[in-house]
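These notes concern the structure reproduced below.
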Amino acid sequence: SRIDELADGRLICVTREPMPDGGWVATHEDVTERHRTEARIEHMACHDALTDLPNRTLFGERVNAAVQRAGKGEHVAVLSLDLDRFKHVNDTLGHPVGDALLKVVAERLRRTVRESDTVARLGGDEFAVVQLAASQLEGVTNLAQRIIDALSAPYDIDGQQMVIGTSVGIAIAPTDGETVAALLKSADVALYRAKTDGRGRYRFFEPGMDAAMQARRGLELDLRAALVNGEFELHYQP
C-alpha cells in the first residue's frame, strides 16, 4: 500500500491485493482526517496546551540532540527562567488574565530567540531556552539580557496595564552537566542566585552555588524542626 497526496491536500491510501486468477483489486481510502487527528495527538503530546510552546519532554529531546551534535569548542547553553511578580497578577486579576499574560510572554520569547534555538514552557510560570552551538559565551549573555529586556516591557492584557519581569539562570554543557537533568538543575541553581541577588538579572552557574543553596536548605529544615520542638531560647537585650 502507499499514500498519495492529491492537489487539494487530501491523502489517499491505495492498497493493491493480488487475485488468485492473476488480477488485482485496488482499494482507495481517504485517510486525510485520520492523519490530521494523529498529527494533532502527536503535537499535543510534546507541546504545552496553553502557549503551544514545546513542553518538558520535547525540550529534553532538543537538549539531548544539541549536546550530541555540538562540535569541539562549541557550547550548548540552557537558560532557566521564571517570571517575577507573576503570582501577584494571578492573585489580584485572576487566572484568566494570568493565562493571557503567559501567552504574550511565550510570543515575546519566540521573537527573542533564534530559529535554531528552542524555547519551552516547563510548567506554571517556568520557561527554558536551549541555545545551540554557542561558540562564544558573549552570545549567551546577550540572549539572557534580551530576554530580560523583552519580558520586562509593560503589558496590556484586556485593558489591564501590568509590569512583570524575569530572572535567568544559565548552565553550559558540557561543563555544568551533560544530561538534561544535570543541566536544568545547574540552571535552576543559577536562577535561584539571580533572584537572591535582586531579580531582573542573569547568573551563570558556579559550583559553589550548589553548596551554598544546600546549606541554606539545611538551615531552613533545622529552623522548622526547632520551631516544632520548642528549641528556641528567647533573650531580651536592651
Inset, instruction - Among the numbered conditions (1) closer than 26 Å to VAL104 by Cα; (2) in contact with a helix residue (DSSP H, G or I) (Cβ under 6 Å, 6 or more places away or on another chain); (3) open to solvent by 30 Å² or more (accessible area, probe 1.4 Å), tell me where ALA150 comes up short. - result: (3)
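Among residues belonging to region 1-35 that are out of contact with any strand residue (DSSP E or B) (no Cβ under 8 Å at 6 or more places or on another chain) and at negative phi, point out the one that is least open to solvent (accessible area, probe 1.4 Å). Let's see the steps before the verdict.
At the first step, the residues of region 1-35 found to be out of contact with any strand residue (DSSP E or B) (no Cβ under 8 Å at 6 or more places or on another chain) are 7-9, 20-23, 33-34.
Checking the rest, the ones that are also at negative phi come to 7-8, 20-21, 23, 33-34.
Details: ALA7: 117, ASP8: 99, PRO20: 136, ASP21: 132, GLY23: 28, GLU33: 101, ARG34: 118 Å².
Checking each candidate, the answer is GLY23.
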Inset, instruction - Output yes when any residue across region 114-128 is without any contact (Cβ under 8 Å) to a residue 24 or more places away in the chain, among the acidic types (Asp, Glu), in a helix (DSSP H, G or I) and on the phi < 0 side of the Ramachandran plot, and no when none is. - result: no
Inset, instruction - For residues that are in contact with a Leu (Cβ under 6 Å, 6 or more places away or on another chain) and small (Gly, Ala, Ser), tally how many sit in region 44-83. - result: 2
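Looking for something assigned to a loop (DSSP other than H, G, I, E, B) and in contact with a strand residue (DSSP E or B) (Cβ under 9 Å, 6 or more places away or on another chain) - is there at least one such residue anywhere in region 158-173?
Let us first name the residues in region 158-173 that are assigned to a loop (DSSP other than H, G, I, E, B), namely 158-159, 163-164.
Adding the requirement that they be in contact with a strand residue (DSSP E or B) (Cβ under 9 Å, 6 or more places away or on another chain) leaves 163-164.
Looking for residues that are assigned to a loop (DSSP other than H, G, I, E, B) and in contact with a strand residue (DSSP E or B) (Cβ under 9 Å, 6 or more places away or on another chain), one finds at least one in region 158-173, hence yes.
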Inset, instruction - Search region 39-56 for residues being open to solvent by less than 80 Å² (accessible area, probe 1.4 Å) and outside any loop (DSSP other than H, G, I, E, B), and hand back the single one that is modelled with the lowest pLDDT. - result: HIS43
Legend entry - Selection within region 175-202 - among the basic types (Lys, Arg) and open to solvent by 70 Å² or more (accessible area, probe 1.4 Å): LYS185, ARG193, ARG199, ARG201
Inset, instruction - Confirm whether LEU102 is open to solvent by less than 20 Å² (accessible area, probe 1.4 Å), touching a strand residue (DSSP E or B) at 6+ places or on another chain (Cβ under 8 Å) and free of Cβ contacts under 8 Å to residues at least 60 places away in the same chain. - result: yes
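The values are calculated or read from the model by the stated rules, or taken from the named source; none is laboratory data. Note that the structure is predicted; figures quoted are calculated from it, not measured. Because the Cβ atoms are built from the backbone with ideal geometry, glycine has one as well, and the counts that use them run over all protein chains shown. Surface accessibility is based on the protein's heavy atoms, side chains included, excluding ligands, DNA and RNA. Shrake-Rupley method; radii C 1.70, N 1.55, O 1.52, S 1.80 Å.
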